[in-house]
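Only one structure is covered here, and it is reproduced in the block below.
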Amino acid sequence: MSQSHIILVRHGEASEGWPVHPDPGLSELGRRQAAKTGDSLIEQIPSYQLISSPKKRAVETMEIMSKKEKGAFQLDSNFIEIPSADIQLNEKRDWLIRIFTTPIHELPETVQGWRNNLIAWLTEAEGNFIVTTHFMVINALVSYIASNNQISYFHPDYASRTEIFIKDKKLIQLILGDDKKTVINL
């Protein structure tokens with residue numbers, strides 16, 4: 001019998017939007033959000049595998065939450081933002097809004113591949129994990145679990161926790177993070 005508890009934590013608020021900086025760190029509010037989430041996870045952190053998206057705001061969120069050195073967690077590119085390198089900055093917001101409501105089978109190949117990699121990780125995960133990641137990653141995984149036909153499922157707030165409980169490769173419980181209508185900073 002195998003059991004897994006996966007806690008997906010959306011990074012704290014970023015200090016800048018995409019047009020200003022391609023990989024911003026956390027704002028002061030984002031740092032406080034990460035610290036608050038870390039305080040609520042302090043008992044679990046020592047017994048969980050810690051993973052972060054390589055994006056700076058996710059890394060900083062994990063560093064603040066874990067209160068440890070960088071080596072205490074692994075970077076995993078599976079949990080990076082939705083691939084959008086070929087989208088012009090001035091078109092990114094509209095593109096994301098379209099992607100959010102596009103049926104899964106109509107998504108661009110790069111987005112489908114990214115989603116499939118996330119799903120593969122989830123279906124193979126064994127053990128307990130805390131992962132700092134991004135809005136669209138959390139939605140891609142939750143929409144898969146819920147058999148939703150779109151990537152969109154909900155609007156996880158900054159530094160919110162979405163928890164997935166799996167027993168013998170079957171979902172037994174899903175707890176969504178705090179829901180917020182998030183404005184995508186561009």
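The values are calculated or read from the model by the stated rules, or taken from the named source; none is laboratory data. Keep in mind that this is a model prediction, so the values were computed, not measured. All Cβ positions, glycine included, derive from the backbone under ideal geometry; neighbour counts span all protein chains shown. Surface accessibility is based on the protein's heavy atoms, side chains included, excluding ligands, DNA and RNA. Shrake-Rupley method; radii C 1.70, N 1.55, O 1.52, S 1.80 Å.
Values computed for the structure shown
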quantity	calculated
Restricting segment 81-186 to trypsin sites (Lys or Arg not before Pro) in coil, as DSSP defines it, with at most 14 other Cβ within 10 Å	Lys169, Lys180, Lys181
Prolate/oblate/rounded label for segment 36-129 (Cα gyration tensor, a/c 1.5)	prolate
Summed residue charge, Cβ within 15 Å of Ala125's Cβ, Lys/Arg positive, Asp/Glu negative	-2
Sequence of His21, His134, His155, His105 when ordered by accessible area, the most exposed leading, probe 1.4 angstrom	His105, His21, His155, His134
Positive-end extreme of charge dipole, the chain - chosen from Asn117, Asn148, Gln49 (charges on Cβ)	Gln49
Cα centre as origin, Lys/Arg/Asp/Glu Cβ charges: segment 29-98 dipole, Debye	240
Lysine pairs with alpha-carbon atoms under 26 Å apart, the chain, spacing 8 or more or separate chains	21
Helical contribution to [θ] at 222 nm, DSSP H n ≥ 4, -39,500 (n - 2.57), averaged over the chain, rounded to 500	-11000 deg cm²/dmol
Neighbourhood net charge (14 Å Cβ-Cβ; Lys/Arg +1, Asp/Glu -1) for Leu26	+1
From phi via Karplus (6.51, -1.76, 1.60), per-residue ³J(HN,Hα) for segment 31-48 in Hz, x at Gly/Pro	5, 5, 4, 5, 5, 5, 5, x, 4, 6, 9, 3, 6, 8, 3, x, 9, 10
Alpha carbon Rg of the chain, scaled by the compact-globule rule 2.2 N^0.38 Å	0.98
